[in-house]
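The values are calculated or read from the model by the stated rules, or taken from the named source; none is laboratory data. Just so you know, these numbers come straight off a predicted model, no measurement behind them. Glycine gets a Cβ as well: all are built from the backbone with ideal geometry, and neighbour counts include every protein chain shown. Note: accessible area is taken over every heavy atom of the protein model, side chains too, but ligands, DNA and RNA are not part of it. Shrake-Rupley method; radii C 1.70, N 1.55, O 1.52, S 1.80 Å.
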Amino acid sequence: MTLAFQHVAIIGAGAMGRGIAQIAAQTGSRVWIFDTQPEAIQKARDSVFDQWDKMQEKGRLSPEMVAGHKSRLLVASSMQDLAQCDLVIEAIVERLDIKRNLFSELEDVVKAECVLVTNTSSLSVTAIAAGLKRPGQFAGYHFFNPVPLMKVVEVIAGIRTVPGVCDQLTDYAKQMGHTPVQAQDTPGFIVNHAGRGYGTEALRIVNEGVADFATIDRILKDQVGFKLGPFELFDLTALDVSHPVMESIYNQYYQEPRYRPSVITAQRLAGGIFGKKVGEGFYKYVDGKAQIPAEPTVTQVHDMPPVWVSPRASRRLELLQLLKDLGAQIETGASPSPTALTIVAPLGFDITTVAVVERLDPARTVGIDLLFEDAATKRRVLATNPATRRDMRDAAHALFARDGKAVSVIRDSGGFVTQRVVGNIVNVASDMCQQNVCSPQDLDTAVTLGLGYPVGPLALGDKLDPANVLEVLFNLQTVYGDTRYRPSPWLRRRGAIGLSLMHTEA
């Protein structure tokens with residue numbers, strides 16, 4: 001195999017730099033680690049050596065392979081040691097001025113054909129390259145921590161990057177065992193951009209008093225299949241990292257409402273409540289374990305009222321069968337009797353709006369989220385409205401929990417929790433395709449590998465039917481009057497004519 005780059009330098013001896021150095025040396029390249037702090041370089045080298053030794057102990061690497069890897073990982077005592085490198089990867093602090101100064105110095109050291117790349121996650125590749133003599137030889141090469149395990153790398157062309165440079169970087173990523181995805185130089189690139197719909201919408205839901213952190217995390221894990229809820233994820237990444245990224249992308253897009261940050265994370269950041277690494281975030285941590293509050297108990301209801309289902313309910317036949325299986329006494333009249341528990345299942349609308357529009361008694365009206373078919377979820381989500389009586393709330397909770405399935409009861413919200421978050425995820429991804437940030441295929445690949453979503457955003461939209469996602473968004477915009485929920489033209493057009501969100505124009 002002919003390597004895309006034989007001699008590689010990594011500038012920055014932190015966790016990211018160490019990880020990139022490890023996989024580059026494993027590929028067969030000679031790799032130099034350089035940092036302005038000499039002791040950090042040796043520490044980084046020792047850390048990578050230790051990783052290889054552990055892999056040998058587990059039988060994942062032979063002694064000969066480990067010896068070969070170690071012989072290719074070298075220490076650079078000065079920037080001059082990088083003169084013969086084919087590729088230099090920068091992984092230092094996220095400061096535009098510092099990165100610019102570094103690459104300006106590097107250009108005077110390395111050969112003219114050397115490719116210079118930045119591992120920035122939030123800064124403009126074009127802006128970093130602006131003062132260089134050879135901006136065509138410069139690109140973005142964004143890895144994710146921990147590098148050996150996170151098998152995706154974003155390859156980003158600046159405005160003046162020569163196309164062949166990205167082709168070389170793409171080939172090298174494959175040689176390192178990673179999956180390359182190509183992106184335009186836009187704020188957040190693919191993964192950090194696509195991730196805007198998850199945490200920011202969850203924060204808005206909390207801010208409205210719809211549900212608490214733990215409930216929202218449970219809902220999104222059990223209904224959609226996310227490995228971590230948004231607040232668990234915030235605690236893991238830490239707000240001193242994630243909040244500045246939210247603000248950066250929001251401001252770089254000139255206050256686009258879809259990316260609007262939250263005062264909740266701003267306040268917690270100011271108060272030093274960053275997350276797991278400081279022992280407290282959205283959850284408190286004892287010995288590294290989150291202290292998650294117990295779920296509310298299901299109230300015992302001895303006299304269950306009859307149940308009437310709105311004729312406009314989504315998945316109405318499925319809902320009626322579910323109620324029958326749960327042993328409910330189902331009313332079939334054109335309107336509910338004076339004692340009936342009234343069940344609605346809207347897409348995007350809140351329960352209050354549905355009760356008013358359908359002329360239902362709000363005191364007896366409860367909503368259920370059926371964006372996903374019930375059989376495909378591990379949790380049911382019910383929503384009350386401000387007038388819902390306690391006995392009707394308890395009856396609905398007890399009824400839908402009869403078969404042992406988890407049930408969360410939240411306050412009124414347009415689109416419950418899942419519809420709001422999923423609708424925003426699909427919409428942001430669709431608009432990224434509309435902006436030509438990347439291909440639909442690269443977007444879904446990057447998000448599944450980089451964020452660990454159970455399925456890519458566009459594939460998720462297709463699974464739910466783009467027309468349903470559109471209905472959620474249109475109705476959310478009606479309820480909240482916020483342009484945050486306006487559907488992307490990509491989603492609106494494909495949903496209107498029944499095309500897959502993965503479909504690109506001829």
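Database remark: amide H of Phe282 closer than 5 angstrom to the amide H of Asp235 (H placed geometrically; neighbours at sequence offset of 5 or more, or on other chains; Pro and chain starts carry no H).
Amide H contacts of Asp185: Ala157, each under 5 Å away and 5 or more positions distant or on a separate chain (H built 1.01 Å from N in the peptide plane; Pro and chain starts excluded). Here's how it looks for Arg379: its modeled amide H is under 5 Å from none belonging to a residue 5 or more places away or on a different chain.
For the chain, the dipole from Cβ point charges (+1 on Lys and Arg, -1 on Asp and Glu) about the Cα centre works out to 360 debye, to the nearest 20.
Between the residues Ala459, Tyr198, Val354, the greatest Cα displacement towards the positive end of the dipole of the chain, with unit charges on the Cβ of Lys, Arg, Asp and Glu, is found for Val354. The modelled label-to-label distance for the pair Ala375/Met304, using points 7 Å beyond Cα in the direction of Cβ, is 2.1 nm.
Taking a quarter of the surface of the Cα convex hull of the chain, what do you get in nm²? Don't skip to the end; give the middle numbers.
Values: hull surface 106.1 nm².
Averaged projected hull area, Cα only: 26.5 nm².
The order of the peptides 222-228, 212-218 by mean Cβ neighbours within 10 Å, most packed first, is 212-218, 222-228.
Fully extending the segment from Val357 to Val109, taken as 0.36 nm per residue of separation minus the present Cα-Cα distance, adds 82.2 nm. With a Cα cut-off of under 22 Å and a minimum spacing of 8 residues unless on different chains, the lysine pairs in segment 203-326 number 10.
Using the Karplus relation 6.51 cos²θ - 1.76 cosθ + 1.60 with θ = phi - 60°, the per-residue 3J(HN,Hα) values for segment 353-369 come to 4, 4, 4, 5, 5, 8, 6, 9, 6, x, 5, 10, 9, 10, x, 10, 8 Hz, with x marking Gly and Pro.
Overall, the accessible surface of segment 69-221 at a probe of 1.4 angstrom is composed of carbon and sulfur to the extent of 51 percent. Per residue, the accessible area of segment 290-442 comes to 42 Å² when a 1.4 Å probe rolls over the protein heavy atoms.
Scaled to the compact-protein estimate 2.2 N^0.38 Å, what is the alpha-carbon radius of gyration of segment 207-257, rounded to two decimal places?
That ratio works out to 1.34.
Take 434-445, 300-311, 409-420, 147-158 and order them by the average number of nearby Cβ atoms within 10 Å per residue, most first; the result is 409-420, 147-158, 434-445, 300-311.
Counting only protein heavy atoms and using a 1.4 Å probe, the accessible area of Cys85 comes to about 0 Å².
With a probe of 1.4 Å, find how much accessible area segment 1-85 has per residue, and write the answer as a whole number in Å².
Accessible area per residue, segment 1-85: 48 Å².
Across segment 5-10, coupling constants 3J(HN,Hα) worked out from phi with the 6.51/-1.76/1.60 Karplus curve, θ = phi - 60°, read 9, 7, 10, 10, 10, 10 Hz, and Gly and Pro carry x.
Oblate is the label for segment 386-428, because the ratio a/c of its alpha-carbon gyration tensor axes (a ≥ b ≥ c) is 1.5 or higher and a/b is not greater than b/c.
Using a/c under 1.5 as the rounded threshold, could you call segment 117-176 rounded, prolate or oblate? The axes a ≥ b ≥ c are square roots of the C-alpha gyration tensor eigenvalues, and prolate needs a/b larger than b/c, oblate otherwise. Oblate.
For Ala127 and Glu39 in the same chain, what is the full-extension length gain: residue separation times 0.36 nm, less their Cα-Cα distance, in nm?
28.6 nm
Assuming charge only on the beta carbon of Lys and Arg (+1) and of Asp and Glu (-1), the dipole of segment 318-390 about its Cα centre is about 300 debye to the nearest 20. Along segment 86-97 the Karplus relation, 6.51 cos²θ - 1.76 cosθ + 1.60 evaluated at θ = phi - 60°, assigns HN-Hα couplings of 8, 9, 10, 10, 8, 9, 10, 4, 7, 10, 4, 5 Hz to successive residues, with x for each Gly and Pro. Between Asp391 and Glu505, full extension at 0.36 nm per residue minus the direct alpha carbon distance yields a gain of 35.7 nm. Residue-normalised convex hull volume from the C-alpha trace of segment 176-311: 209 Å³ per residue.
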